[in-house]
1. Only residues in region 258-278 that are closer than 17 Å to SER78 by Cβ count as the first member; pair them with residues that are modelled with pLDDT under 95 and within 15 Å of the ligand (Cβ to nearest atom), Cβ under 7 angstrom, at least 6 apart or cross-chain, and list the lot.
2. State which residue is farthest from the ligand (Cβ to nearest atom) when the search covers only region 296-322 and only residues that are acidic (Asp, Glu) and under 16 Å from the mean Cα position of the chain (by Cα).
3. Determine whether region 187-206 contains at least one residue that is within 16 Å of the ligand (Cβ to nearest atom), at pLDDT below 90 and within 25 Å of GLN139 (Cα to Cα).
4. What are the pairs, 6+ residues apart or on separate chains, where a residue within region 1-20 that is more than 25 Å from ASN186 (Cα to Cα) has its Cβ under 7 Å from a residue that is at pLDDT 95 or above and of a type outside the set (A, V, I, L, M)?
5. Give me a count of the residues in region 75-114 that are within 14 Å of the ligand (Cβ to nearest atom) and over 17 Å from PHE126 (Cβ atoms).
6. May I ask you to list the residues in region 328-345 that are under 16 Å from GLY101 (Cβ atoms) and within 13 Å of the ligand (Cβ to nearest atom)?
7. Step by step: first the residues of region 188-199, then only those that are in a helix (DSSP H, G or I) and under 28 Å from the mean Cα position of the chain (by Cα), then the one that is surrounded by the most Cβ atoms within 10 Å (Cβ to Cβ). Which residue is that?
8. Specify which of the listed residues (ALA340, ALA389) is surrounded by 21 or more Cβ atoms within 10 Å (Cβ to Cβ) and touching a residue at least 60 places away in the same chain (Cβ under 8 Å).
Amino acid sequence: MNPWFETVAEAQRRAKKRLPSSVYGALVAGSEKGVTIDDNLAAFSELGFAPHVAGHKADRDLTTSVMGIDISFPVIISPTGVQAVHPDGEVAVARAAAARGTIMGLSSFASKPVEEVVAANPNTFFQMYWTGTREAMIQRMDRARKAGAKGLIATLDWSFSNGRDWGSPAIPEKLNLKTMVDFAPNVLPHPRWLWTFAKSGRLPDLTTPNLQAPGGEAPTFFGAYYEWMQTPPPTWEDVAWLAKEWGGPFMLKGVTRVDDAKRAVDAGVTAISVSNHGGNNLDTTPATIRMLPSVAEAVGDQIEVLLDGGVRRGSDVAKAVALGARAVMIGRAYLWGLAANGQGGVENVLDILRGGLDSAVLGTGHTSVKELGPEDLVIPPGFTRTLGASGADESPASPARKTGQARAGQRTQKPLAKAEAESA
Ligand SMILES: Cc1cc2nc3c(=O)[nH]c(=O)nc-3n(C[C@H](O)[C@H](O)[C@H](O)COP(=O)(O)O)c2cc1C
């Protein structure tokens with residue numbers, strides 16, 4: 001079979017066929033009824049384009065930068081714990097991101113050590129949760145810094161929600177001969193996945209080497225999760241402490257509210273990602289693209305605003321940039337590519353997103369991705385959601401929030417209300 005695929009949907013179909021159902025189910029994830037995970041995708045479909053018919057530009061510039069790093073187009077890799085998808089795991093993802101000129105986000109719950117990942121892509125951001133003692137967090141940051149990580153992503157939008165109406169996959173604590181036998185009915189119908197691991201001579205690794213204490217053993221995924229659950233949740237002072245201890249480019253991932261975005265600015269962050277953890281956290285939180293405009297308007301002139309959640313197409317990237325994102329972070333899209341065809345599959349996904357974004361920039365008549373704005377979109381009434389802004393009009397009939405944020409190096413956009421009226 002030709003390993004190349006045409007869309008991310010096809011990569012997902014191949015991933016589903018190829019992976020044992022428990023591994024595939026862990027990537028689908030979601031929580032409770034799956035309202036948020038669905039809305040992350042549906043909201044992008046509700047937005048339309050307002051293309052021009054002539055006057056298109058032959059040369060188009062998709063480049064931008066995130067937290068001081070130049071990238072070839074506004075898509076970076078969101079951190080995920082990529083356990084058991086592919087033997088090369090995060091190293092393959094990092095190589096693909098480097099080959100396509102973008103940033104690798106590495107989860108602290110990942111299966112590959114930060115040193116190996118930075119060697120594969122020097123433009124790596126290390127991601128941490130608020131877990132363990134302050135000493136442990138300092139030690140993990142020191143290690144990432146020494147390895148050469150160029151930024152820290154602090155992910156705080158996790159409230160340990162559990163239970164899915166469609167059922168959660170069974171995942172063993174450790175993979176050894178016994179658990180392989182137990183899981184055989186799940187694994188044996190997937191010979192290609194088994195063969196990829198067999199060729200590498202390794203069993204899928206369910207440990208978290210980046211959380212290993214000096215002289216200790218790497219905790220298992222579940223051991224690490226237990227430590228996290230036992231850690232008292234952070235305050236805003238803790239966020240400021242973390243940013244200061246890191247002392248370099250720092251992203252707070254998981255912001256959805258305007259008041260939190262402002263507090264993040266006060267805490268000294270460089271960037272935020274408007275994120276609902278890919279719909280894996282509190283179900284019924286709105287789609288991130290609905291919340292982006294108000295957050296971008298509130299703080300986009302002070303810090304960089306990114307978005308993640310539901311990005312599967314280049315047109316989704318264009319829509320997010322048009323509504324105020326400097327760049328997007330992708331999660332499942334590259335996981336499907338990784339499962340379908342390793343490093344080449346992740347490159348394939350990045351190429352699909354780049355191609356779709358370029359088409360959108362072409363069709364809307366721009367020369368640069370930085371020129372995209374709400375006037376390029378058809379935005380249905382009641383599309384946006386403004387959370388945590390005192391005095392904000394939450395009425396679905398008058399959702400308009402301005403997105404007049406002046407992103408560094410990007411032009412000020414028209415207010416969303418005006419663009420809605422013009423595009424109607
Ligand atoms: C399987 C899986 C594992 C994830 N693990 C992490 C993680 O370890 N750290 C983190 O900050 N976010 C994690 N996320 C969230 C992603 O970084 C990102 O926010 C989300 O996947 C974006 O939505 P999308 O998958 O629709 O692109 C994970 C998401 C998935 C699907």
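The values are calculated or read from the model by the stated rules, or taken from the named source; none is laboratory data. Because the structure is predicted, anything quoted here is derived from the model rather than measured. Positions of Cβ are generated from backbone atoms using ideal geometry, with glycine treated the same way; all protein chains shown enter the neighbour counts.
1. Final answer for the pair search is SER275/ASP157; ASN276/ASP157; HIS277/ASP157; HIS277/TRP158; GLY278/ALA29.
2. GLU304
3. yes
4. Filtered contacts from region 1-20: TRP4/ASN348; PHE5/ARG14; PHE5/ASN348.
5. 5
6. Those that are under 16 Å from GLY101 (Cβ atoms) and within 13 Å of the ligand (Cβ to nearest atom): VAL328, MET329, ILE330, TYR334.
7. As a first pass, look at region 188-199 and keep what is in a helix (DSSP H, G or I): 191-199.
If we keep only those that are under 28 Å from the mean Cα position of the chain (by Cα) too, we end up with 192-194, 196-197.
Numbers: ARG192: 10, TRP193: 22, LEU194: 14, THR196: 18, PHE197: 17.
My answer is TRP193.
8. ALA340
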